[in-house]
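Asker: Here it is, the structure, as structure tokens.
Since every read-out is calculated from the coordinates, none of them should be taken as a lab result. This structure is a prediction, so every number in the text was calculated from the model and none was measured. Using ideal geometry, Cβ is built from the backbone for each residue, glycine included, and neighbour counts are taken over all protein chains shown.
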Amino acid sequence: MKNILVTIDGPAASGKGKIANYLSKKWKLKHLDSGVLYRKLALGIIDEKINFNLDKELKIFIKNYKFNSFKSQKKLRTEKVSKIASKIAVHKFVRNHVNLFQKNFVGRFIKNHGFVIDGRDIGSVVFKNADLKLYIDVSLVNRAKRRYKQLIDTNEKSIYAQILKEIKLRDKKDKSRKISPLVVPNGAIVIDNNGKFTQTIKIINTLISKL
Ligand code: DC
């Protein structure tokens, strides 16, 4: 086990989650998927019928929301949850709430544990001083193809053109957001994940083994 902090940023469907999952097992790191935190808030908003277009109502909800887990669940992956998560992620008070949880959580365990954390602003904003910062790069078409295959493999109905459109839209939202937009973090290493997964992790494992 290495007591290190690795951040992985990148656009939707770039394979960050799969890479982070693999690294957490290989290097015995705790895996924190920050997207799950935004998704949990979105699910809470749906369950409690919060009008997230009203800043005041959303602020009260966020202030009182306590993250009790950050496990990924199928119900967090619906289109409705994705849309609300990306809408609320533009607010500074929402991002501060998520970031504070991440910092506290990592702070509590980092003495005895290493971490791999994936998201959109982890190396650029939340953990700027991480030991290794990665940015995962995959073309839009490859991401859409992979997401489409994933859905088909799990028997979910989907239309390729629709997937492509949705990913394009999420890219636009993630990159044009005023607060913490998706960027290649300063000091990050850009990893080309267009090819085989084994090739990608070989490069990353080499980087980690040098830490
Ligand atoms: O990675 P994901 O698709 O599970 O993320 C869900 C949404 O949360 C996505 O629209 C962008 C947002 N997000 C963010 O703004 N910052 C992060 N660090 C992680 C996710």
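Asker: For the stretch 121-126, take each phi angle, set θ = phi - 60°, evaluate the Karplus expression 6.51 cos²θ - 1.76 cosθ + 1.60, and give the result in whole Hz per residue in order, putting x for glycine and proline.
Answerer: With coefficients 6.51, -1.76 and 1.60, one gets 9, 6, x, 8, 10, 6 Hz.
Asker: For the stretch 81-112 and the stretch 146-189, what is the separation of their Cα centres, given in Å?
Answerer: Cα centres, the stretch 81-112 to the stretch 146-189: 19 Å.
Asker: Do the sum for the chain: with -39,500 (n - 2.57) for every DSSP H run of n ≥ 4, divided by all residues, what is the mean residue ellipticity at 222 nm, to the nearest 500 deg cm²/dmol?
Answerer: Helices in the chain give a 222 nm mean residue ellipticity of -16000 deg cm²/dmol.
Asker: Still on this structure: Whole-Hz Karplus ³J(HN,Hα) for the stretch 73-85, in order, using 6.51 cos²θ - 1.76 cosθ + 1.60 and θ = phi - 60°, x for Gly and Pro?
Answerer: Values, residue by residue: 10, 4, 5, 8, 9, 6, 4, 5, 5, 4, 5, 5, 4 Hz.
Asker: Let me ask something else. Would you mind checking which residues have amide H under 5 Å from residue 5's amide H? H placed 1.01 Å from N; only 5 or more apart, or other chain.
Answerer: Here the answer is 115, 131, 132, since their amide H atoms fall under 5 Å of that of residue 5.
Asker: Would you please state the base-10 log of I(q)/I(0) at q = 0.15, 0.16 1/Å for the chain, with intensities from the Debye formula using one equal scatterer on every alpha carbon?
Answerer: Reported log10 I(q)/I(0), two decimals: -1.00, -1.14.
Asker: Taking amide H positions as placed in the peptide plane 1.01 Å from N, state which residues far from residue 31 in sequence (5 or more) or on other chains have amide H under 5 Å from it.
Answerer: So residue 31 has HN proximity to 116.
Asker: Just to be sure I follow: if Rg is taken over the C-alpha atoms of the stretch 138-204 and Rh is the Kirkwood radius over the same atoms, what is Rg/Rh?
Answerer: With Rg and the Kirkwood Rh in hand, the quotient comes to 1.03.
Asker: Which shape class, rounded, prolate or oblate, goes with the stretch 88-211 when its Cα gyration tensor gives a ≥ b ≥ c as root eigenvalues, a/c under 1.5 marks rounded, and past that a/b bigger than b/c marks prolate?
Answerer: In terms of gyration-tensor shape, oblate.
Asker: HN-Hα J couplings of the stretch 177-183 from phi, Karplus 6.51/-1.76/1.60, θ = phi - 60°, integer Hz, Gly and Pro as x?
Answerer: Once θ is set to phi - 60°, the couplings for the stretch 177-183 become 4, 5, 9, 6, x, 5, 9 Hz.
Asker: Taking neighbour counts of Cβ atoms within 10 Å as a proxy for exposure, in what order, fewest first, do 48, 166 appear?
Answerer: Least to most surrounded, the residues fall as 48, 166.
Asker: Would you kindly state how much longer the chain becomes between residue 46 and residue 203 on full extension, computed as 0.36 nm times their sequence separation minus their alpha carbon distance, in nm to one decimal?
Answerer: Stretched out fully, the residue 46 to residue 203 stretch lengthens by 52.5 nm.
Asker: Please go through the residue pairs 18/149; 66/168; 66/103; 18/56 and name each one whose alpha carbons sit more than 25 Å apart in this structure.
Answerer: 66/168; 18/56
Asker: Taking H placed 1.01 Å from N in the peptide plane, check which residues at least 5 places from residue 191 or on another chain put their amide H under 5 Å from its amide H.
Answerer: 135, 136, 137
Asker: Can you figure out the FRET efficiency of residue 129 with residue 169, using R₀ = 30 Å and their beta-carbon distance, to the nearest 0.05?
Answerer: 0.40
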